[in-house]
Structure formats: structure tokens, C-alpha cells
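For reference, the structure discussed in these notes is given below.
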Amino acid sequence: MNLFKRKISFVFAVTSLLFFSISCDKIPSNVVLPKLVDYRITQVNFPSRVVYSPSDSVVVASIRIENPSSVSEVWMTIKSLDGTITLYDKINFYDNGKGDNGDLVANDGIFSAAFKMSKTFSNGKYVADIYVVDNVRDVNESTKHVAETIFEYDNNQIQFPPVLSNLKLPSAINRGVNFIFSIEAYDQNGLNDIKYVYFKLYRPDGSLVDPNNGLGFFLMNDKGDPNYGDAAANDGIFSFQNSFSSNAPIGQWKFEFQAVDWEGNLSNIVTQTIQVN
């Protein structure tokens with residue numbers, strides 16, 4: 001009887017050990033295997049030159065991605081080549097086969113985007129920066145800049161020069177006193193077509209003041225920057241904040257204002273003198 005019990009115990013122990021060994025070889029259902037960020041950009045299609053047409057101002061761009069399962073989003077920005085003008089902060093690409101976003105076939109790994117170029121956009125070179133967001137890494141690490149493409153834009157419009165008006169500048173000021181002055185700028189091709197609004201400053205002896213910025217003139221501001229005394233951004237009123245130092249020459253200082261657009265067209269010149277005491 002005791003021998004029989006020992007045999008049963010031995011069989012149970014072996015069976016338990018065998019079950020344990022088999023269970024260890026299985027992957028629990030609640031364990032997720034790590035996913036790899038293995039997408040690869042193989043092609044970017046973007047026109048090198050865009051000419052505005054009233055009947056069709058839509059531009060279509062596309063990017064081909066291999067192994068897109070780890071991709072959650074594709075998007076791009078469009079800015080002027082020098083970064084001063086932003087046309088679009090974010091344009092999404094899609095692979096859903098819907099023609100309104102330029103995509104022809106769903107789930108083929110070709111992500112497409114459609115956007116409009118307005119006749120009010122300035123002529124010149126623009127850059128499209130394309131980004132891919134993966135669904136694997138942490139949100140702070142998942143966005144990657146994958147491509148950059150430069151294109152030239154022609155708005156197909158008559159190019160008009162800017163026009164300056166409504167200068168607000170005091171006729172006299174004391175040395176050491178801070179003051180703000182402004183001038184309005186207008187361009188029939190749109191405010192974005194204005195590259196610079198600036199002024200040259202001449203001392204009472206007629207010599208030109210060098211702003212030491214490599215331009216030979218002082219740039220005015222229409223970005224709502226309080227450092228320049230500009231009250232509102234992009235309202236066409238360009239401002240500047242200044243003061244004459246205590247050792248500045250007393251007498252008539254001349255301000256000469258002008259604007260230039262992205263095509264190089266110059267505005268009228270507005271001149272005014274100010275008595276510095």
C-alpha cells in the first residue's frame with residue numbers, strides 16, 4: 001500500500017514538472033512583442049515650379065513609404081526659402097484613396113497631399129519640409145524630418161511696387177528721449193509681397209548712419225514686436241523705436257523711408273527731417 005502511494009506521488013511530480021516546462025515555453029497572451037520603426041522613404045514627388053492659374057491652383061505632392069505600418073502621420077510645412085513667410089503650418093498627407101487630397105489608391109504606401117497656392121502669395125522660392133510621425137516611440141521622439149524640397153512659385157500676376165504713406169514721426173525730439181514712429185505700406189500683390197520696409201538715417205552734416213547689419217539701412221517691423229513699438233502684427237503699419245544718445249549731434253536729422261518687394265520693385269521715397277535738441 002505504501003509502495004503504491006509512492007508511485008502515485010512520483011507520477012504526479014513528473015507530470016507537474018512536465019506541465020511547468022511546457023508552460024514556460026509559451027508566450028503569455030498579455031505580453032506584446034516590441035514593434036520596430038522600420039519605415040523607409042523611397043520617393044518624394046513635388047513639382048519644381050508652380051505657376052498660378054485661376055482655373056487650377058491646387059498642387060499635389062506625394063511621398064512613397066515602405067513598411068508604413070509603423071507610421072501614424074505624415075505632414076509638411078511650406079515656408080519661404082529664407083523662413084520669413086509661412087504659407088502653411090501643417091498640411092497632412094493621406095493614403096486613403098480620396099481624390100480631394102490627391103491620393104489615388106488607398107493603402108498602397110503612397111501618401112499624398114493637396115494644397116492651394118493663392119495669387120496673393122509672393123513670387124519666389126519656397127521650401128516644403130516633410131515630417132513622419134511613428135506610432136512606436138515616445139511622443140517626444142516619434143516625429144522625424146524626412147525630406148526637404150524646394151520649388152519656385154510664379155503667381156502669374158502683374159507685379160506692382162509697394163506704396164508708402166501716412167508717416168508718423170515727430171518734428172522734434174530731445175536727446176535721451178525714447179520715441180516710436182511708423183509708416184504704412186501697401187502692395188497690390190498683397191502684404192506678403194513686401195520684403196522690407198526700411199529707412200536710412202542722415203546726420204546733420206549729411207553723413208549716413210551705418211546700422212552695422214550689412215544692409216546699410218534700418219529695418220522696420222510689422223510683427224507686433226514691442227521692442228520695435230509695433231502695436232499689431234501684419235496690419236501694414238511698420239514701426240520702429242529709437243532714441244538719440246546724449247552725445248548725438250544737435251540739429252536736423254533726415255529720415256528717408258522706402259520699401260522693396262520680393263521682385264525687387266522699389267516704392268516711393270518718403271523723407272522727413274527731425275530736430276534733435
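The values are calculated or read from the model by the stated rules, or taken from the named source; none is laboratory data. Because the structure is a prediction, the values reported are computed rather than measured. Positions of Cβ are backbone-derived with ideal geometry, glycine not excepted, and every protein chain shown enters the neighbour counts. Surface areas here come from the heavy atoms of the whole protein model, side chains and all, with no ligands, DNA or RNA. Shrake-Rupley method; radii C 1.70, N 1.55, O 1.52, S 1.80 Å.
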At 1.4 Å probe size, with every protein chain present, just tell me what the per residue accessible area of the chain comes to in Å². 59
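In what order, largest first, do S55, S70, S118 sit by accessible area if the probe radius is 1.4 Å? Before the final figure, lay out each step's value.
Details: S55 110, S70 0, S118 40 Å².
Solvent-accessible surface, decreasing: S55, S118, S70.
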Note the angle between two axes, namely the Cα long axis of helix 2-25 and the longest principal axis of the Cα atoms of the chain, as a number of degrees from 0 to 90, rounded to the nearest 10. 20
Quick one: pull the percentage of alpha-carbon pairs in the stretch 219-269 with a separation above 15 Å. 61
If you place +1 on the Cβ of every Lys and Arg and -1 on the Cβ of every Asp and Glu, how big does the dipole about the Cα centre of the stretch 120-258 come out, in debye to the nearest 20? 660
Compare E152, E263 by solvent-accessible area with a 1.4 Å probe and give them largest first, with all protein chains kept in place. E152, E263
Counting only protein heavy atoms and leaving out ligands, DNA and RNA, the solvent-accessible surface of S72 at a 1.4 Å probe, in Å² to the nearest 10, equals 70
Probe 1.4 Å - accessible area at D108, Å² to nearest ten: 60
The set of residues whose placed amide H lies less than 5 Å from the amide H of Q157, leaving out same-chain residues fewer than 5 positions away, is none
Expected vector for the stretch 173-186, Karplus 3J(HN,Hα) from phi with 6.51, -1.76, 1.60 and θ = phi - 60°, integer Hz, x for Gly and Pro, equals 8, 8, 4, x, 9, 6, 8, 10, 9, 8, 8, 8, 10, 9
Amide H contacts under 5 Å for Y88, restricted to residues at least 5 apart in sequence or on another chain and with H modeled in the peptide plane, are I78
Output wanted: per-residue J couplings in Hz (rounded whole) for the stretch 233-250, from phi through Karplus 6.51 cos²θ - 1.76 cosθ + 1.60, θ = phi - 60°, x for Gly and Pro. 7, 6, 9, x, 9, 9, 10, 8, 10, 8, 7, 8, 5, 5, 9, 5, x, 7
Summing -39500 (n - 2.57) over every DSSP H run of at least 4 residues in the chain and dividing by its residue count gives a helix-only mean residue ellipticity at 222 nm, to the nearest 500 deg cm²/dmol, of -3000 deg cm²/dmol
Additional length obtainable on full extension of the chain from D138 to A172, 0.36 nm per residue less Cα span: 6.3 nm
Of the accessible area of the chain, computed with a 1.4 Å probe and all protein chains kept, carbon and sulfur make up a percent value of 53
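Leaving ligands, DNA and RNA out of it, rank T77, T120 by accessible area with a 1.4 Å probe, largest first.
Ranked list, largest accessible area first: T120, T77.
Determine by what factor the alpha-carbon radius of gyration of the stretch 79-134 differs from 2.2 N^0.38 Å, reporting the quotient.
Cα-based Rg divided by the globular estimate yields 1.32.
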Computed for the stretch 172-241: size of charge dipole around the Cα centre, +1 on C-beta of each Lys and Arg, -1 on C-beta of each Asp and Glu, debye to nearest 20, value 300
By what distance, in whole Å, do the Cα atoms of the stretch 102-254 stretch along each of the three principal axes, largest value first? 73, 44, 27
If you project the alpha carbons of the chain onto the principal axes, what extent comes out on each, in Å, largest first? 126, 52, 27
Here the stretch 122-128 yields Karplus 3J(HN,Hα) values (6.51, -1.76, 1.60; θ = phi - 60°; whole Hz; Gly and Pro given as x) of 5, 5, x, 9, 10, 10, 9
With point charges of +1 on the Cβ of Lys and Arg and -1 on the Cβ of Asp and Glu, referenced to the Cα centre of the stretch 126-263, which listed residue (M220, L169, F244) lies farthest in the positive direction of the dipole? F244
Residue separation between S118 and N268 times 0.36 nm, minus their alpha-carbon distance, gives in nm 51.4 nm
Using the Cα atoms as the points, what is the convex hull volume per residue of the stretch 160-227 in Å³? 134
